[in-house]
Amino acid sequence: MLLLTEEGVRRLPYVTDRAAAGEALAAGTAEADGRLRVVLRVESEEVAFGQLLGLGPEAEAVAPAALRERFAEAARGLGRLYG
């Protein structure tokens, strides 16, 4: 499950399977903060991480917890590198 900003919604079809992105976006629900909550079907956590990392702060991984932690670790690593 992801929370996407408007820019994340625009870019999702370019970083993952277009059909899967289209399905996820069509079924998404708007959040109070303006982001779109979507469930994106991917073949594995590894694939999801590799594809969605390119969205940066335009996508928040909500679930599964292991994927969310992986993004958090990547963010900490970037902070150490560029901080």
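The values are calculated or read from the model by the stated rules, or taken from the named source; none is laboratory data. Since the model is a prediction, treat every value here as computed from it, not as a measurement. Reconstructed Cβ throughout: ideal geometry from the backbone, glycine too, with neighbour counts over all protein chains shown. For accessibility, only protein heavy atoms count, side chains too; no ligands or nucleic acids. Shrake-Rupley method; radii C 1.70, N 1.55, O 1.52, S 1.80 Å.
Taking all protein chains as present, what is the carbon and sulfur share of the accessible area of the chain, in % to the nearest whole number, probe 1.4 Å? Working shown, then result.
Numbers: 2930 of 5240 Å².
Looking at the chain in its full context, I get 56 percent from C and S.
Taking GluC sites (Glu not before Pro) as exposed when DSSP calls them loop (any state but H, G, I, E, B) and at most 15 other Cβ atoms lie within 10 Å, what is the longest stretch of the chain free of them, the sites themselves excluded? Kindly include the intermediate steps, with their values, before the conclusion.
Values: sites that count: Glu31, Glu43.
Excluding the exposed sites themselves, the longest stretch runs over 44-83.
Using Cα pairs under 8 angstrom and six or more residues apart, how large is the relative contact order of region 28-83, in percent?
Working: 22 pairs, mean separation 10.5, N = 56.
For region 28-83, the relative contact order is 19 percent.
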Counting just the Cα atoms, what span does region 26-83 cover along each of its three principal axes? Round to the nearest Å and put the largest first. 37, 28, 18
Taking the Cα atoms only, what angle lies between the long axis of helix 6-15 and the longest principal axis of the chain, rounded to 10 degrees? 90 degrees
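Magnitude of the Cβ-charge dipole of region 2-83, K/R +1 and D/E -1, about the Cα centre, nearest 20 debye?
Numbers: 10 positive and 13 negative charges, 25 e Å.
Approximately 120 debye in magnitude.
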Residue-normalised 222 nm signal for the chain, counting each DSSP H run of n ≥ 4 as -39,500 (n - 2.57), nearest 500 deg cm²/dmol, is -16500 deg cm²/dmol
Between rounded, prolate and oblate, where does region 1-50 land on the alpha carbon gyration tensor, with a ≥ b ≥ c its root eigenvalues, rounded for a/c under 1.5, else prolate if a/b exceeds b/c? prolate
Accessible surface, per residue, of the chain when the full set of protein chains is kept, probe 1.4 Å, Å²: 63 Å²
